[in-house]
Amino acid sequence: MMPATPYTYSSPDDPAREDEGLFGPGSVTWRVMNNRIMWVAVVRALYLQALHPRVIRGTLQNAATITDPADAWTRLRRTRKFIETRTFGTTAEADRAGRRVRRIHDSLTGTDLDGTRYQVDEPELLLWVHCGEVASCADIALRSRLPFSAADLDAFVDEHPRGGVVPAGRKGPARRKGPAPSPVERTNVPPGSGRATLGMSGSAWLD
């Protein structure tokens, strides 16, 4: 049986923590992600991510039991725990979680209908996955009438190249030194719900 929670992080209220992680208590990300309704955002993101043929194909080809309800629920919980660790954990805890995801994805490939093989962690696919996650969180925050302004949600999106660094490792442009990198591309989500930054990320769904 797969471990239910391979991702762990220290309490943000622990005064002995070495740092506040990638975002910190002053970030919009902490405020948005500290809402239970974000469970809905995780599910929305998975549906959106599955619209990319190579993402869903690679998932189904590498996770044969994913259509089993018990397995799917375990993976969903683990994905949520990964997101929590990346969001609220220390820098070291977030990095450890990211290394685990990268290690798993490094060895996985998918096969297109024409026989073409591809790595599941290709930058384009990581880009799609991260965009789906961030856009879903912003959209659910808006539709749930949580107390965030359009400016808040724009700030939330703009913070997420930091989160994209974690699973992408050296594959993504967010690894560059200096200020937070410019987004590779931007796309629109519903008016007032922030700009969807296309960062580089990954998912624990194949874990």
In nm, the gap between the two label points placed 7 Å beyond Cα toward Cβ at Arg143 and Ser107 is 3.8
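Give, as a single signed number, the net charge of other residues whose beta carbon lies under 10 Å from the beta carbon of Thr65, with Lys and Arg counted +1 and Asp and Glu -1. Intermediate values should be presented prior to the final figure.
Numbers: positive: Arg75; negative: Asp68, Asp71.
That works out to -1.
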Fewest-first sequence of Met38, Met33 by Cβ atoms within 10 Å of each Cβ: Met33, Met38
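Quick note: the coordinates plus some simple rules give every number you see, no bench work behind them. All values reported here derive from a predicted model rather than from experimental measurement. Because the Cβ atoms are built from the backbone with ideal geometry, glycine has one as well, and the counts that use them run over all protein chains shown.
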